[in-house]
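What follows draws every value from the coordinates through simple rules; no lab data is involved. Remember, predicted model here, so these are calculated numbers, not experimental data. With ideal geometry, Cβ positions are generated from the backbone for all residues, glycine too; neighbour counts draw on all protein chains shown.
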Amino acid sequence: MDKVLKIAHRGASGHEPENTLAAISKALEIGVDIIELDVRACKTGELVAFHDMTLERTTNGSGLVADTSLEDLKKLDAGSGERIPTLEEAIDLIDKRTILNIEMKGKGVADRLATILRGYIENKVYPPELFIVTSFDKEEFHQFSLKNPGVRLSILVGRDILSASSRGRKYGAYSIHLPQPYMRKWLVRFFNKRGFRVFIYALNSIWDIARAKIMEVDGIFSDYPDRV
Ligand code: G3P
Ligand code: MG
């Protein structure tokens with residue numbers, strides 16, 4: 001059995017504020033295989049690492065990210081004095097040391113993301129395998145696939161598991177990312193047989209992580225990737 005991949009969910013977000021450079025640094029220090037970050041577009045068009053549509057839960061600001069300029073986002077405290085990073089700041093900090101799973105959130109991300117990743121691959125000689133792109137938003141995901149500069153695509157399953165295999169085939173997906181309720185050995189086997197790795201999100205208890213390993217999943221997202 002291959003070793004299960006340690007995936008830092010929103011960075012090592014159990015240890016440091018989610019989707020920040022501190023959470024990325026902690027994940028690198030732990031020695032994860034993959035870092036997952038949520039990415040959305042702000043008012044001025046830049047892509048930032050941020051999970052929610054609104055600023056309230058994780059910052060001292062308020063309102064929609066999509067209605068806030070990068071300059072104003074940069075003034076906010078994203079926890080423990082951390083700032084909201086741009087996607088480029090996150091990629092530069094990782095500096096090819098681990099794979100980055102970019103989860104597109106909201107609208108208007110796909111084209112810009114494809115351009116940014118193409119820049120890293122073509123101008124900065126990043127191997128395309130260092131990037132995995134997913135989204136719950138099927139339209140954004142499809143849009144990204146049309147402009148894909150050669151990175152790995154993965155099917156992110158929320159509730160719609162029935163179409164996962166056919167979508168995986170359509171996009172030549174590298175992996176299928178399943179939420180915890182779908183953690184079943186027969187599903188892992190089903191997707192593995194069709195050529196997809198199976199990663200489960202997001203498991204934090206040692207018990208759940210142990211069960212996932214017994215089911216021979218290929219990767220585990222965790223806020224505490226040191227537990228994987
Ligand atoms: O990409 C896996 C996982 O991050 C999806 O859920 O809400 O934590 O972005 P969420
Ligand atoms: Mg996510």
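Given R₀ = 25 Å, FRET efficiency for K138-K43 by Cβ-Cβ distance, to 0.05?
So the FRET efficiency works out to roughly 0.50.
If one takes the longest principal axis of the Cα atoms in the chain, at what angle in degrees, from 0 to 90 and to the nearest 10, does the Cα axis of helix 110-123 lie?
90 degrees
Taking a quarter of the surface of the convex hull around the Cα atoms of the chain, what do you get in nm²?
Convex hull of Cα atoms, orientation-averaged projection: 11.6 nm².
Using the alpha-carbon centroid of each, what span in Å lies between the stretch 203-225 and the stretch 1-72?
Distance between centres, Cα-based: 21 Å.
With a cut-off of 8 Å between alpha carbons and a minimum separation of six or more residues, what is the relative contact order of the chain in percent? Don't jump to the answer; show the numbers that get you there.
Working: 471 pairs, mean separation 49.3, N = 228.
It comes to 22 percent, rounded to a whole number.
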